[in-house]
Amino acid sequence: MKGPGYLAVAIQPGSNTDEEAFHHWYNTEHGPLRLRLPFILTGDRYKAADDQKPGWSAVYDVSDLSMLDKRIYTRLREERSQQEKKVMSTFDSLDRKIYSTVSVRGDSKDPAPVQLAVSMRLKDEDANDFNKWYEEEHTAMLSKVPGWLRTRRFKLEVGGLTGMPPQGQTEYLAVHDYASPNGLNGPEHEAARSTPWRSTIMTKILWHDRRLWSHHLSFDALEEPPSSVTTTDGAELRFQLEGNPADPVIVCVNSILTTLHIWDDVAAALKTGLKGGQTYRVLRYNPRGYAPLPPRSNPTTFDLLADDLEYLLQRLGIPRVHAVLGVSMGGVTALNFAIRYPDMLERFIACDCNVASSPANSTAWGERVELARSQGMAALADVTVKRWFTPANHSSAQAKKVEGMVAQADLEGFVGGTAALCDYNLRGKVGGIMVPGLLVAGEGDGKLPEAMRGFGMEGVGFREVAGAGHLPMSENLGGFMEVLGGFL
């Protein structure tokens, strides 16, 4: 598929469909998510005006049908929100069809109050005669019907519930826009439907369907906070992209409970230049869960976290990065991103992380969740910083900075993140990573340095950062940047 076209979706709610939930989902989530994409030009909902089923439709003008096969669009269906899954499970039917544009006559900048949609199937050998009649007689006569605004004609490219026509046949759709239904079935309309030429053409039509729709609502693009993108299931990813646009991009991925500002000094060093003078463009972001998540969001997993990064890069128009650098939870995300999207990065650096959860670690996370629930995030922040930083740096400015981040993190988002940390296993996958990588750990981060040496990732080096714990970039920036510079 390529070129301009039309996406039409007809829905029949079921007996168990909550009407309020159905409209809220469609009007505030489903449609607006699509209007955010630059190749979806318009989106409108229509209600049946002919007492037929399905009773609702949504139609979209598409500038380039080839984009509907791209991940930026297909993920909308592959990564449905919990709300979408719940509402859609109650439908009696959902019929989705994609059409390429054949012709357009007339002009209608605003959505048509009334649409008459006429579908016809015929043999390919009759297509030339059919199209000639439609263009030279039928549309010209319809344009004289009072209230007529526009006629668009389309060819079916992707079939819905009934599939594509049999080989040797084609299905066409004509969408007639009217300001009002007053002229329909009037003398001008009947004249267009009563010519000898039309009678001849109709003998060649193998199947015919006619639906009348009244306009219900036009979608607005989903609003996003400044410097943020919102995922398909509603998670907010606040980002900061800085540096020379011509420089290679390095993505920095945080640990749980922290913000993109744990990378402030690293970003400054990368932008200024490492040994040899190479400078980098830096993308930092807050992964899902630091800010509150809406009820429709899906449970946090490391696959979802990797997919979030892929989505962020797509939205920012960055097809490939020089490196993904992550620490702790971000380190696991970096590993999983290299597994899931090897064509989108040249190398990875995973810091202070493991390749799989363990019962002991899961128990520890459960205790931290209980502490946060019973005593608040400030209490969690105090013990977290003491665990992450070496004793010599418990009172340092960097420790206080991280403590403030943890105290401000969303409790339920944190709980969701711990669910991911308590249930993952990349052991059978990391050996298949095809891009160069480096493992890094602060020498004072408990047993992690020893564990990371035993990951068994062929060709992936390991480096320790002296005088540092779980966040080595925060305790020994110079040592950390020296390690990075040697690998990048």
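With helices as the sole contributors, the chain gives -9000 deg cm²/dmol at 222 nm; each DSSP H run of n ≥ 4 counts as -39500 (n - 2.57), and the sum is divided by every residue.
Give me the percent of accessible area attributable to carbon and sulfur for region 1-97, probe 1.4 angstrom. Result for region 1-97: 48 percent of the exposed heavy-atom area is carbon or sulfur.
The computed Rg/Rh (Cα atoms, Kirkwood Rh) for the structure shown corresponds, within (1) 0.97; (2) 1.08; (3) 1.10, to (3). Distance cut-off 22 Å, Cα to Cα: go down the list LYS70/LYS109; LYS2/LYS53; LYS132/LYS204; LYS47/LYS97; LYS275/LYS401 and report the pairs above it. LYS70/LYS109; LYS2/LYS53; LYS275/LYS401, as the Cα separations exceed 22 Å there. Among the trypsin sites (Lys or Arg not before Pro) within region 117-170, those in coil by DSSP and having at most 13 neighbouring Cβ atoms inside 10 Å are LYS144.
Over the chain, what relative contact order in percent results from Cα pairs under 8 Å that are six or more residues apart? Worked out over the chain, it gives 13 percent. With protein chains left intact and a 1.4 Å probe, residues in the chain average 43 Å² of accessible area per residue. When we measure straight from the Cα of LYS144, which aspartates and glutamates land under 17 angstrom away, once same-chain ones fewer than 8 places off are left out? Straight-line reach from LYS144, under 17 Å: ASP107, GLU135, GLU136, ASP177, GLU188, GLU190.
The values are calculated or read from the model by the stated rules, or taken from the named source; none is laboratory data. These figures come from a predicted structure and were not determined experimentally. Neighbour counts are summed over all protein chains in view; Cβ atoms, including those assigned to glycine, are modelled from backbone coordinates with ideal geometry. Quick note on the areas: whole protein, heavy atoms, side chains included, nothing else; ligands and nucleic acids left out. Shrake-Rupley method; radii C 1.70, N 1.55, O 1.52, S 1.80 Å.
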